[in-house]
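Take a look at the structure set out below.
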Amino acid sequence: MKADTRTRLAPRIAAVAGHLHDIVAEGAALPPLETLARQASLSPFHFHRVWRAATGETLGRTLTRLRLSRALQLLAAGETVTQAALAVGYASPQALARTFRQTLDVTPAELRGQAAQATALLDRLQPPSPQTFEPLAVELVEIAPFDVVALRARGAFDDLDDAFGRLFGWAETTGLVEGIEALIGVPLGDHRDLPPHALQFDAAVCLPVPARVPRPLRRLTIGGGRHARVRHVGAYSGLEDMTDRLLAQWWPASGERLRDAPLHYHFLDDPEQVAEADLRADILLPLDD
């Protein structure tokens, strides 16, 4: 029987958290994602997702919280805004002030030498409390590799219908629309954390792929090997929340290792024909053999 992944994951996450704390204390820059992922013995494909699932917040939010906490301590001790900003890794006092306003709705200048007020704000910078969920119904499945025609979409998650519409339009003009077997999505970022202009998503249709497809369409091979599969029911915008549950609730106790490959979604319903509350999609998380 495989060892409980939780017993190995917790100290890895704690080690990275300690490393981030040291980075903030030294005022150093955040190391490359690959470095942090390696420290946690995770693939860069999954590090951000696992971090959010394990800690309840994004890596960027963790770093901001640690930086602001340290800056509050320095300001309370009488350091200037410039000194505090540079000490925790911000390039300028303006950058620190902007983050203070966005996160705490206060300016750092107001807090200089104000120990009581700074201490009160520290309570707002505590890590999230762990969440509890109902058990998930997770299947372990073997998936043969399959080819799709994909279109790289950039923009808001809610606008993905446009990308799938373009794929269907191409399939119709080429006489392949009746051969579409499935709608597939490969998330390349988390729509909860990224602004629309930075969000990328591979929308794809599974059909008999012709030898050549016109740009910007492209051939893409999906799947292959063992996967954990869980079904999400409801608005497709909730897929990332369900992925968090899969990684935080099921995976640590499964003893499984994540494969160095992206997860994908299998969309089972058309949002134009099925009520949002009844939409179904499978999340498929690649596992080592």
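The values are calculated or read from the model by the stated rules, or taken from the named source; none is laboratory data. Note that the structure is a prediction, hence the values are computed from the model and not measured. Here the Cβ is made from the backbone with ideal geometry for all residues, glycine too, and neighbour counts use every protein chain on show.
Taking region 274-289 as the region of interest, how many residues are in contact (Cβ under 8 Å) with a residue 12 or more places away in the chain and part of a loop (DSSP other than H, G, I, E, B)? Final tally of qualifying residues: 3. Taken together, the residues in region 158-186 that are outside any strand (DSSP E or B) and in contact with a Phe, Trp or Tyr (Cβ under 7 Å, 6 or more places away or on another chain) amount to 2.
In region 63-80, the count of residues that are surrounded by 12 or more Cβ atoms within 10 Å (Cβ to Cβ), at pLDDT below 95 and closer than 30 Å to LEU284 by Cα is one or more. Only a single criterion out of (1) in contact with a strand residue (DSSP E or B) (Cβ under 8 Å, 6 or more places away or on another chain); (2) farther than 30 Å from GLU57 by Cβ; (3) part of a loop (DSSP other than H, G, I, E, B) is not satisfied by GLY189, namely (2).
From PRO135, PRO130, grab the single residue that is under 22 Å from the mean Cα position of the chain (by Cα), of a type outside the set (S, T, N, Q), within 28 Å of LEU194 (Cβ to Cβ) and loosely packed, with under 12 Cβ neighbours inside 10 Å. None of the other options fit; the residue is PRO130.
Per the listing ARG219, ARG257, ARG215, ARG280, the residue uniquely charged (D, E, K, R) and under 15 Å from GLU139 (Cβ atoms) is ARG280.
Do we find that THR62 is touching a residue at least 12 places away in the same chain (Cβ under 8 Å) and either small (Gly, Ala, Ser) or assigned to a helix (DSSP H, G or I) (or both) in this structure? First the steps, then the outcome.
On the way: touching a residue at least 12 places away in the same chain (Cβ under 8 Å): yes; either small (Gly, Ala, Ser) or assigned to a helix (DSSP H, G or I) (or both): yes.
Yes: the conditions hold for THR62.
Residues ARG219, ARG226, ARG257, ARG212: which one is surrounded by fewer than 19 Cβ atoms within 10 Å (Cβ to Cβ), over 26 Å from GLY155 (Cα atoms) and modelled with pLDDT of 95 or more? Walk me through it before giving the result.
Details: ARG219 fails: over 26 Å from GLY155 (Cα atoms); ARG257 fails: modelled with pLDDT of 95 or more; ARG212 fails: modelled with pLDDT of 95 or more.
Sole residue among the options that is surrounded by fewer than 19 Cβ atoms within 10 Å (Cβ to Cβ), over 26 Å from GLY155 (Cα atoms) and modelled with pLDDT of 95 or more: ARG226.
Here is the figure for region 209-239: residues that are of a type in the set (A, V, I, L, M) and free of Cβ contacts under 8 Å to residues at least 24 places away in the same chain total 1. Does LEU194 count as at pLDDT below 95 and at negative phi? Criteria met by LEU194.
Screening the candidates ARG112, ARG49, ARG101, ARG67 for the property of being within 29 Å of LEU263 (Cα to Cα) and either touching a helix residue (DSSP H, G or I) at 6+ places or on another chain (Cβ under 6 Å) or of a type in the set (D, E, K, R) (or both) yields one hit, ARG49.
On the given criteria, is THR132 outside the structural domain of HIS191 (by TED's automatic domain parsing) and under 30 Å from LEU284 (Cα atoms)?
yes
Any residue that is under 30 Å from GLN83 (Cα atoms) and of a type outside the set (Phe, Trp, Tyr) - is there at least one of those in region 35-50? The answer is yes, given that some residue of region 35-50 is under 30 Å from GLN83 (Cα atoms) and of a type outside the set (Phe, Trp, Tyr). Would you mention how many residues in region 260-289 are farther than 18 Å from GLY223 by Cβ, surrounded by 14 or more Cβ atoms within 10 Å (Cβ to Cβ) and among the hydrophobic types (A, V, I, L, M, F, W, C)? The total comes to 1. With respect to (1) under 24 Å from LEU59 (Cα atoms); (2) out of contact with any Pro (no Cβ under 7 Å at 6 or more places or on another chain); (3) modelled with pLDDT of 95 or more, the lone exception for LEU140 is condition (1).
Out of everything in region 49-104 that is among the polar types (S, T, N, Q) and more than 26 Å from the chain's Cα centre (by Cα), what residue ends up being nearest to VAL16 (Cα to Cα)? Write out each step before concluding.
Keep residues of region 49-104 that are among the polar types (S, T, N, Q), which gives 55, 58, 62, 64, 69, 73, 80, 82-83, 92, 94, 99, 102-103.
Of the ones still in play, those that are also more than 26 Å from the chain's Cα centre (by Cα) are 73, 80, 82-83, 92, 94.
On the way: GLN73: 22, THR80: 29, THR82: 27, GLN83: 26, SER92: 26, GLN94: 28 Å.
The selected residue is GLN73.
Output yes when any residue across region 134-149 is farther than 26 Å from VAL230 by Cα and among the β-branched types (Val, Ile, Thr), and no when none is. Full working, then the answer.
The first filter runs over region 134-149 and keeps only residues farther than 26 Å from VAL230 by Cα, leaving none.
Within region 134-149, not a single residue is farther than 26 Å from VAL230 by Cα and among the β-branched types (Val, Ile, Thr).
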